[in-house]
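Below is one structure; the comments refer to it alone.
Please treat every number below as a calculation from the coordinates, not as lab data. Predicted, not measured: the structure shown is a model, and the values here were computed from it. When we count neighbours, we look across all protein chains shown, and the Cβ atoms used for this are built from the backbone with ideal geometry, even at glycine.
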Amino acid sequence: MDDKTRTELEAAAFRRLVNHLRENPDVQNIDMMNLAGFCRNCLSNWYQEAAGAKGIEMDKMDAREIVYGMPYDEWKAQHQSDATPEQMAKFSEHQKTEH
């Protein structure tokens, strides 16, 4: 497979992942972190880093808007619930094993 085709396929897979996350706002970031070790914020950070590597200036909130499909504060107000003590405990334990 040539590099152009590989890049196109990777971009299509990324767009599908982002669209899936936008269509499923009930999936909380903390649950994603606890299960998979990454969340929407991680994706937006990676996007911002990739832009920077190409010399494109992008701040954190612009990158988050790309991933969330709306301003981050708006998404949080509409979709984010408070983490339960159980979710936080699992997250804390995961953070300890990562470092």
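Quick notes on this one:
- Here the gap between residue 14 and residue 87, fully extended at 0.36 nm per residue and compared with their Cα-Cα distance, gives a gain of 23.6 nm.
- Global size of the chain: 15.2, 48 Å for Rg and Dmax (C-alpha atoms, Rg to one decimal, Dmax whole).
- Annotation: the residues 64, 22, 16, sorted from fewest to most other C-beta atoms within 10 Å of their own C-beta, follow the order 16, 22, 64.
- Within the chain: Cβ-based charge dipole about Cα centre, in debye rounded to nearest 20 (Lys, Arg +1; Asp, Glu -1): 140 debye
- Summed side-chain charge close to residue 40 - residues other than residue 40 whose Cβ falls under 10 Å, Lys, Arg +1, Asp, Glu -1: +2
- Sorting 27, 18 from the fewest to the most surrounding beta carbons within 10 angstrom yields 27, 18.
- Taking a Cβ cut-off of under 13 Å around residue 15, the surrounding Lys, Arg, Asp and Glu residues balance to a net charge of -1, with basic ones at +1 and acidic ones at -1.
- Residues 54, 60, ranked from the fewest to the most other C-beta atoms within 10 Å, line up as 54, 60.
- Normalising the average separation of contacting C-alpha pairs (under 8 angstrom, six or more residues apart) by the number of residues puts the relative contact order of the range 14-98 at 33 percent.
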